[in-house]
Amino acid sequence: MANQGWDTDEDRMIHKLTLHKNFITWVIQQLEKENIPCQKTTGNDRNGDILLINPEQAPRVQEIIRRINRQFNG
């Protein structure tokens, strides 16, 4: 990431964490639109940032994530 005029390393870290938080919130909203209940994890969960309430929906979630990736990353 190019230097965007951060005053401190902390400012850069806060910016990156804010982007991450907003992205996870957006992904959860997209999943909920597809009727996939989920929530944010806590405690730096090693399994990821999003908890699927119904693990059987994981293949469907993976396809949605692939679709999002294709849409925004070509």
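Among the residues that make up the range 20-39, is at least one of them surrounded by 10 or more Cβ atoms within 10 Å (Cβ to Cβ), in a loop (DSSP other than H, G, I, E, B), among the polar types (S, T, N, Q) and at pLDDT 95 or above? No; the residues of the range 20-39 include none that is surrounded by 10 or more Cβ atoms within 10 Å (Cβ to Cβ), in a loop (DSSP other than H, G, I, E, B), among the polar types (S, T, N, Q) and at pLDDT 95 or above. Go through the range 40-57 residue by residue and tally those that are in contact with a strand residue (DSSP E or B) (Cβ under 6 Å, 6 or more places away or on another chain) and either at pLDDT below 95 or not in a loop (DSSP other than H, G, I, E, B) (or both). Residues in the range 40-57 being in contact with a strand residue (DSSP E or B) (Cβ under 6 Å, 6 or more places away or on another chain) and either at pLDDT below 95 or not in a loop (DSSP other than H, G, I, E, B) (or both): 3 in total.
Residues that are touching a Lys or Arg at 6+ places or on another chain (Cβ under 9 Å) and within 15 Å of Ile65 (Cβ to Cβ) within the range 1-24 comprise just one, Ile24.
The values are calculated or read from the model by the stated rules, or taken from the named source; none is laboratory data. Just so it is clear, the model here is predicted, and its values are computed rather than measured. Please note: Cβ atoms are built from the backbone with ideal geometry, for glycine as well, and neighbour counts cover all protein chains shown.
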